[in-house]
1. Enumerate the pairs (first residue in region 56-72 and without any contact (Cβ under 8 Å) to a residue 60 or more places away in the chain; second residue anywhere and surrounded by fewer than 15 Cβ atoms within 10 Å (Cβ to Cβ) and part of a helix (DSSP H, G or I)) with beta-carbon separation below 8 Å, excluding pairs fewer than 6 apart on the same chain, so at least 6 apart or on different chains.
2. Take R74 and decide whether it is surrounded by 14 or more Cβ atoms within 10 Å (Cβ to Cβ) and away from the ligand (no atom under 16 Å from the Cβ).
3. Out of the residues in region 81-119 meeting the condition of being within 11 Å of the ligand (Cβ to nearest atom) and among the β-branched types (V, I, T), tell me which one is nearest to R201 (Cα to Cα).
4. What about I113, is it under 17 Å from W184 (Cα atoms) and crowded, with 17+ Cβ neighbours inside 10 Å?
5. Would you confirm whether any residue within region 156-165 is in a helix (DSSP H, G or I) and farther than 21 Å from A59 by Cα?
6. Kindly evaluate G141 against the criterion of being crowded, with 16+ Cβ neighbours inside 10 Å, in contact (Cβ under 8 Å) with a residue 60 or more places away in the chain, part of a strand (DSSP E or B) and of a type in the set (G, A, S).
7. Return the only residue of R170, R201 being more than 28 Å from L67 (Cβ to Cβ) and either in a strand (DSSP E or B) or basic (K, R) (or both).
8. Report every pair of residues separated by at least 6 positions or lying on different chains whose Cβ atoms are under 7 Å apart, first residue within region 81-110 and closer than 12 Å to A62 by Cβ, second of a type in the set (V, I, T) and near the ligand (Cβ under 8 Å from one of its atoms).
Amino acid sequence: LAARKVRSAKSPGSEENEAYRIGSREVTFAGTYVSSEELATGQVPSETWDPKARYRWSAGVAVSKFLYGLREGRIVGVHCQTCDRTVTPPRAFCEVCLGPISKYVDLPKTGTINTFTVCYIDVAARRVETPTIPVVVDIDGTKPAGGFLHLLGEVTVKKERRSVKVLDSRGREVDVGRRVEGVWKPEAEREALITDIKYFRPA
Ligand SMILES: [Zn+2]
């Protein structure tokens, strides 16, 4: 819900705090108003620091098999025998029948472009000259067809007046439905991460 400031505090430290409008209500928050200036000039004790926060978390049984598989140059999926569904990345239970899944399968490194986009901003929303091409690949052997998000590589982007075209190494336009194959990093550089696949390239 958007909050819009409708009234500023009369003066720092005054009883009257800033008021905000949230929907049809005007609200003030409890406490003593502190201005940016009071903070900047040290009138109010404050502390700043750069937290050196490092995180680790378990990928879980199913996704761990997927990640270790990537390190070995494989795409691992799971098969639900109840529903006759094959999906990747693997999951420990079937989201359709909610039964446990324990049958892991190796899938081909090939697939079909489900959708893609030409992206001129990076993850921090900064404009970039060389675009990236996020692509959703339906991995061969999945049923119903499905897969995951990755990047399209070994392509060039051709900007025209009203459109942007993605061309393969032979100059042919790449579109939804195009066959692609995964290109892995050299074995020594793999880390059991999704980025062990460098990108998918048009086949
Ligand atoms: Zn199922």
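Every read-out reported here was derived from the displayed coordinates using simple, explicitly stated rules and does not represent laboratory data. This structure is a prediction, so every number in the text was calculated from the model and none was measured. Using ideal geometry, Cβ is built from the backbone for each residue, glycine included, and neighbour counts are taken over all protein chains shown.
1. S58/S64
2. Yes.
3. V87
4. No, not satisfied.
5. Checking region 156-165: not a single residue is in a helix (DSSP H, G or I) and farther than 21 Å from A59 by Cα.
6. For G141, the condition - crowded, with 16+ Cβ neighbours inside 10 Å, in contact (Cβ under 8 Å) with a residue 60 or more places away in the chain, part of a strand (DSSP E or B) and of a type in the set (G, A, S) - is not met.
7. Of the residues listed, the single one that is more than 28 Å from L67 (Cβ to Cβ) and either in a strand (DSSP E or B) or basic (K, R) (or both) is R170.
8. Final answer for the pair search is R91/I101; A92/I101; F93/I101; C94/T82; C94/I101.
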